[in-house]
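All remarks here apply to the structure that follows.
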2 protein chains.
Amino acid sequence: MSLVVMKFGGSSVADADRIKNVANRVMARRHRGDKVVVVVSAPGDMTDDLIELAKGVTSDPDAREMDMLLATGEQVSIALLSMAIKNRGMDAVSLTGPQAGIYADWTHTKARITKIRPVAVQRELKKGRIVIVAGFQGLNPGRDIATLGRGGSDLTAVALAAALKADVCEIFTDVKGIYTADPRIVPEARKVDRISYDAMLELAGAGAQVMQARSIEVGKKYEVPIHVRSSFTDENGTMIMREDSSTMRSTKGKKMNDSIRNGGTEEAVVSGVALDRNQAKVTLADVPDRPGVAAEVFGALADGAINVDMIIQSAPREGVNDISFTVSRDDLKKALAILERVRAHLKARSVTSDSAVAKVSIVGVGMRSHPGVAASLFKSLASAGINIDMISTSEIKVACVVKENNAEKAMRIAHKTFTLEKK
Amino acid sequence: MSLVVMKFGGSSVADADRIKNVANRVMARRHRGDKVVVVVSAPGDMTDDLIELAKGVTSDPDAREMDMLLATGEQVSIALLSMAIKNRGMDAVSLTGPQAGIYADWTHTKARITKIRPVAVQRELKKGRIVIVAGFQGLNPGRDIATLGRGGSDLTAVALAAALKADVCEIFTDVKGIYTADPRIVPEARKVDRISYDAMLELAGAGAQVMQARSIEVGKKYEVPIHVRSSFTDENGTMIMREDSSTMRSTKGKKMNDSIRNGGTEEAVVSGVALDRNQAKVTLADVPDRPGVAAEVFGALADGAINVDMIIQSAPREGVNDISFTVSRDDLKKALAILERVRAHLKARSVTSDSAVAKVSIVGVGMRSHPGVAASLFKSLASAGINIDMISTSEIKVACVVKENNAEKAMRIAHKTFTLEKK
């Protein structure tokens with residue numbers, strides 16, 4: 001008997017039929033004898049609808065009240081799913097985030113989970129019930145409802161799995177798992193059976209959309225095996241877990257899912273290729289080459305809450321050099337306004353930008369022990385006539401900024417270079 | 001400075017514009033220096049919509065989960081109203097029923113309030129905030145959300161006013177107050193300035209729809225002045241209060257609303273006329289005239305949760321008599337099924353029913369000291385050729401069952417008999 005946390009997103013509970021499907025799926029799992037905790041998001045577009053309601057009342061909704069409003073979405077889902085299960089003859093109980101013992105910090109609308117005291121969840125599990133927990137929400141130190149922001153329901157599921165020492169946290173999605181690349185761009189992309197937390201973190205940072213980094217970080221910290229799988233089929237998806245499966249955590253001495261166990265003990269050199277189009281390149285030209293300049297530029301951007309990704313600095317010439325870096329396109333306008341002030345102050349020549357760029361990344365923990373991975377990528381891209389604007393590397397990632405119209409081609413070339421289509 | 005509890009129903013918060021109107025109204029009150037607690041219902045049809053959602057998932061929703069679901073409606077209202085007020089520059093805070101310290105019993109979907117510990121409400125009032133409380137809900141002994149059933153938001157408002165020792169509880173409605181009769185039926189009906197708890201209780205029991213008896217009972221018990229007034233105008237409505245205004249409760253020595261104070265110290269003989277069409281008359285004919293028969297008949301109906309209103313028993317003839325009584329039309333079918341079993345067992349002759357009846361009642365605490373009120377009514381109805389099927393009287397009420405097609409005429413005659421159109 002395992003303990004499993006199953007998480008279903010908003011599209012899985014968007015209407016009565018889908019809720020019934022989720023109920024059937026959850027009940028089948030319980031029927032196998034597993035203890036089951038379910039985490040659900042708000043139904044379909046309900047969160048967006050509630051935000052619209054708030055905007056009708058005020059252009060600048062108070063954050064505490066916004067959380068009071070938004071938290072109702074998940075509450076609707078847990079009640080509907082719980083009554084659907086009970087009506088089919090299995091015992092279930094719904095719990096709001098606060099009732100489930102999920103505590104959050106003061107940051108309304110994007111709170112962090114501070115601790116989980118799953119007393120009520122454990123009590124209800126002991127009664128043999130399926131426990132349905134509202135994702136995306138917790139109780140803050142002021143005893144107010146706080147919501148957890150983007151990816152909040154995944155976070156609830158993984159953190160709850162950690163607190164309960166669950167055997168696995170299953171994230172049900174509209175894709176079958178983690179792919180070596182986006183199949184819409186790289187048709188020969190392949191679903192991977194397993195991937196390490198670190199590689200998954202890099203993929204998320206490189207633009208893969210399936211899960212947000214914060215949930216994977218929690219999974220890594222508490223070694224929660226995360227199974228990303230389809231809500232439409234029963235086949236296995238992708239297990240996000242520790243690199244070395246031989247020392248893999250196995251709570252209460254139970255065996256992990258067999259197909260995962262047999263997935264091999266060593267991860268491929270490269271796990272996947274990711275594309276991030278939300279990139280813009282900014283160049284500050286003829287900046288004085290003296291200490292403190294970089295601090296001024298990036299300090300000003302940080303003060304404006306603008307995340308800077310890749311940075312390159314040209315070799316100095318005649319006392320000046322160029323600084324180029326990437327920001328997300330959403331931030332570009334704001335970044336340019338800040339940089340114009342910085343330019344004037346530093347007496348730099350110009351600020352220019354290019355939004356027609358994209359970032360292509362290869363990720364894989366195997367790179368650590370395989371030198372020459374980056375060189376292979378650069379060589380393949382060069383052979384295809386694709387120019388690389390900027391490069392950044394980490395122990396398990398190589399990222400290249402290229403012209404946007406070359407990005408998809410670059411992805412396919414990278415995928416082929418490392419034969420990701422083959423298991 | 002007074003402390004006022006203002007209650008707004010679902011139609012008052014049905015859309016953004018109406019919520020803004022409520023916000024303005026509440027703020028105007030706070031601006032006068034009063035401490036303000038607001039109780040709101042779910043927006044417009046939201047409760048009905050949520051019930052529909054539940055019915056889509058299961059034909060027989062679990063009561064606990066139904067409450068988990070329905071409680072979201074008021075939570076949406078309090079959040080929207082609170083953010084609307086804050087955006088207009090006054091400080092406000094929303095509290096769910098549980099957060100406001102409203103405790104309920106175990107009866108999901110129609111729970112009773114067991115106690116109120118308004119610690120959070122008082123704390124927020126002390127900060128100068130307008131406190132917005134979700135009506136219709138409380139926390140049960142299992143720390144689950146329970147809803148209070150029909151009229152639940154009124155009940156929250158009156159009970160909260162009692163717990164806070166508020167100077168007045170204002171119930172905002174789509175009518176201007178309590179009328180001597182339904183103006184749609186009796187055009188000369190007049191709004192009364194004040195009415196006693198007892199008379200209002202009888203009116204509610206006699207079919208007046210404005211407020212439910214349970215809220216008035218709580219108001220009476222804790223002597224909370226209840227001001228029923230229009231949500232569209234500023235004029236005074238009807239104050240429901242103790243009969244003797246000279247000893248009227250006036251918290252903290254503050255003066256009551258002037259127009260109420262000047263409303264006179266003695267209530268009229270008759271306060272109002274009410275009509276209840278939801279009536280059916282049932283007759284069990286030729287029942288053996290022996291002890292225990294009535295107990296068997298009404299015991300069986302009580303076991304079926306059927307409320308019986310008026311009862312008459314004919315004089316015995318040859319060892320048998322007839323028993324007639326009224327039930328609500330909604331219960332008629334169920335009542336007839338039960339009575340058929342009772343009839344067979346008692347060997348009574350027949351069970352017959354008549355749904356084309358209605359109950360017309362006159363209510364007023366002044367009747368106590370004015371004998372002959374009932375006689376005047378009977379005489380007027382007789383003069384108009386209206387036959388009375390059944391009669392029941394209490395110290396402050398006379399109710400007559402008449403043919404439904406005579407009911408409206410009977411109302412107008414009663415209204416005229418006691419010159420209710422004149423102040």
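Here are the numbers for the structure shown:
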read-out: Folded to 0 to 90 degrees: helix B:404-417 orientation relative to chain B principal axis, Cα; value: 70 degrees
read-out: Added length on full extension, which subtracts the Cα-Cα distance from 0.36 nm per residue, B:Glu421 to B:Ile312; value: 36.0 nm
read-out: Spatial separation of Cα centroids for region B:31-88 and region A:285-348, in angstrom; value: 50 Å
read-out: Nearest 10 degrees, 0 to 90: helix B:213-222 Cα axis against chain B principal axis; value: 60 degrees
read-out: Sum of -39500 (n - 2.57) over DSSP H runs of 4+, divided by residues of chain B (222 nm, nearest 500); value: -11000 deg cm²/dmol
read-out: Alpha carbon Rg of region A:115-242, scaled by the compact-globule rule 2.2 N^0.38 Å; value: 1.12
read-out: Region B:1-42: C-alpha gyration tensor shape, a/c 1.5 cut-off, then a/b vs b/c; value: oblate
read-out: GluC sites (Glu not before Pro) within region A:266-337: DSSP coil, no more than 16 neighbouring Cβ in 10 Å; value: A:Glu266, A:Glu318
read-out: Net charge contributed by nearby residues that have their C-beta within less than 12 Å of A:Asn321 (K/R +1, D/E -1); value: -1
read-out: Bridge type composition, the protein assembly as shown - antiparallel percent by DSSP, nearest 5; value: 60 percent
read-out: Approximate shape of region B:3-266 as ellipsoid semi-axes (Cα gyration tensor, √5λ), whole Å, largest first; value: 28, 22, 19
read-out: DSSP-defined beta bridges in chain A - what % are antiparallel, rounded to 5; value: 60 percent
read-out: Sequence-separation-based contact order of chain A, relative, with Cα cut under 8 Å and 6+ spacing, percent; value: 13 percent
read-out: Convex hull volume per residue for the protein assembly as shown, taking Cα atoms only, in Å³; value: 201 Å³
read-out: Integer Hz, Karplus 6.51/-1.76/1.60 couplings in order for region B:126-133, x for Gly and Pro; value: 4, 6, x, 8, 7, 9, 9, 10
read-out: Nearest 10 degrees, 0 to 90: helix B:332-346 Cα axis against chain B principal axis; value: 40 degrees
read-out: Calculated P(r) of region A:50-89 - Cα pairs past 12 Å, %; value: 63 percent
read-out: Which listed pairs, of B:Lys86/B:Lys165; A:Lys359/A:Lys379; A:Lys127/A:Lys165, have C-alpha distances above 20 Å, in listed order; value: B:Lys86/B:Lys165
read-out: Stokes-Einstein D for region B:273-417, Kirkwood Rh over Cα pairs, 20 °C, 1.002 mPa s (µm²/s); value: 133 µm²/s
read-out: Mean shadow area of region A:1-88, taken as a quarter of the surface of its Cα convex hull (nm²); value: 6.2 nm²
read-out: Average Cα contact separation per residue, region B:291-365, under 8 Å, 6 or more apart, as relative contact order %; value: 26 percent
read-out: Lysines whose Cα lies under 16 Å from that of A:Lys176, excluding same-chain neighbours fewer than 8 positions away; value: A:Lys7, A:Lys191
read-out: Alpha carbon Rg of region B:335-392, scaled by the compact-globule rule 2.2 N^0.38 Å; value: 1.68
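Each value in this text was obtained by applying a stated rule to the coordinates, not by laboratory testing. Predicted model only: the values in this text are computed from it and were never measured. Backbone-built Cβ (ideal geometry, glycine too); neighbour counts: all protein chains shown.
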